[in-house]
Amino acid sequence: MPAPNIEDERNEVEAAQRDPALFAGLYDEHFYRVYAYVARRVHDRHLAEDLTAQVFHEALANLRKFEWRGVPFAVWLLKIASNALHDHWSRQSRETGTRVETDPRDAHEIERHAAVFQLVGRLPEAQRRVIELRFVEDKSIRETAEALGRSEGAVKQLQLRAIESLRAAWEPGR
């Protein structure tokens, strides 16, 4: 499913603010971005799942406070994820006595991740699925081929085309 344009996304968020049951659509649309962001930082599947659930729980609880500012909704979710990670590392450092440093570039990284995931959402369905399986779900070429019912060669070709498309969109004129 292609990423919605900014106005469609705004309408979807505002509808969910009026009727929280509609948050399910936002959850479905953004789950993999948030999970990937968290999983890349904690390197533990169960912890990543717990923290991702915490992010969406907090997002739903604070949805009425969200103010539309023209940036993708994913940026807000990734900021919540960043805070959840910071809280997790802070708790862990208190429990273990080790100090955890936070990176001041986190906000820029969140925006960059949101932009990349928007671009991924615009890829053709087969390419998008390959990217999600390979890089979000961290599946091998073989596992991805099995999940999609395609040959490993076809998956490699789809991945190559997807990466080329993402690179071209990210660096126009290159």
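Applied to the range 140-146, the Karplus parametrisation 6.51 cos²θ - 1.76 cosθ + 1.60 on θ = phi - 60° returns per-residue 3J(HN,Hα) values of 6, 4, 4, 5, 5, 4, 5 Hz, with x for Gly and Pro. With a Förster radius of 35 Å applied to the C-beta separation of Arg18 and Glu95, the computed FRET efficiency comes to 0.30. Determine the shape class of the range 123-174: with a ≥ b ≥ c the square roots of the Cα gyration tensor eigenvalues, call it rounded for a/c under 1.5, and otherwise prolate if a/b is greater than b/c, oblate otherwise. Verdict is prolate for the range 123-174. Our coupling estimate for the range 87-94, obtained by passing each phi through the Karplus curve with A = 6.51, B = -1.76, C = 1.60 and θ = phi - 60°, is 4, 4, 5, 5, 4, 5, 5, 5 Hz, Gly and Pro reported as x.
Values quoted throughout were computed directly from the atomic coordinates according to the rules given, and no laboratory measurement underlies them. Everything quoted here is computed from the prediction, not taken from an experiment. So basically every Cβ, Gly included, is an ideal-geometry build from the backbone, and we count neighbours across all protein chains shown.
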